[in-house]
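The values are calculated or read from the model by the stated rules, or taken from the named source; none is laboratory data. As the structure is a prediction and not an experimental result, all values here were calculated from the model. Glycine gets a Cβ as well: all are built from the backbone with ideal geometry, and neighbour counts include every protein chain shown.
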Amino acid sequence: MYLLKSRSDKTYYVGWTTDILRRLAEHDGLLSPYTRRKAPWQLIGFETYSTIEEAKERERTLKHNPRILAIFKKRLLSRMAAPPPVFKPKASRFAARPFGPKTGGGAAGHPQQVVG
């Protein structure tokens, strides 16, 4: 299952496929009668299913129930609008240590002041 948005008139299209990149190229390449008038298309999102029958059933449900289609669109659009997760590595106790030998022998590992 996939959701496309027309860049020309902002309408949406729902369909199913076993190869989403090929299918998007077909929509943009003017091979589909309905979608050729509204090209180019943007992929908004997709769902995967274990079987073709499950995908076809989901497509039927979405195309015949506007309320469920609205929920589907809203969910995919919100995923698209959400910022990607940010990886924040944990601080390492070794990160602030300088490389090389220690200088001086002051208290708590601080270098001694040389007055001179």
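Is the stretch 33-48 home to any residue that is within 21 Å of the chain's Cα centre (by Cα) and exposed (fewer than 10 other Cβ atoms within 10 Å of the Cβ)? Show your work before the answer.
So the first thing to find is which residues in the stretch 33-48 are within 21 Å of the chain's Cα centre (by Cα), and the list is 40-48.
Among the residues that remain, those that are also exposed (fewer than 10 other Cβ atoms within 10 Å of the Cβ) are: 48.
Yes, some residue in the stretch 33-48 is within 21 Å of the chain's Cα centre (by Cα) and exposed (fewer than 10 other Cβ atoms within 10 Å of the Cβ).
Quick check on Ile44: is it in contact with a Ser or Thr (Cβ under 7 Å, 6 or more places away or on another chain) and modelled with pLDDT of 80 or more?
No.
Could you give every pair whose Cβ atoms fall below 6 Å, whose first residue belongs to the stretch 1-25 and is within 20 Å of Lys74 (Cα to Cα) and touching a residue at least 60 places away in the same chain (Cβ under 8 Å), and whose second residue is among the small types (Gly, Ala, Ser) and assigned to a strand (DSSP E or B), counting only separations of at least 6 or pairs across chains?
These pairs meet every condition: Leu3/Gly45.
Which residues, taken from the stretch 49-83, are more than 17 Å from Tyr12 (Cα to Cα) and surrounded by fewer than 13 Cβ atoms within 10 Å (Cβ to Cβ)?
From the stretch 49-83, those more than 17 Å from Tyr12 (Cα to Cα) are 49-57, 82-83; that's our starting set.
The answer is Ser50, Thr51, Ile52, Glu53, Ala82, Pro83.
Among (1) part of a helix (DSSP H, G or I); (2) modelled with pLDDT under 90, where does Arg22 come up short?
With (1) part of a helix (DSSP H, G or I); (2) modelled with pLDDT under 90 applied to Arg22, the lone miss is (2).
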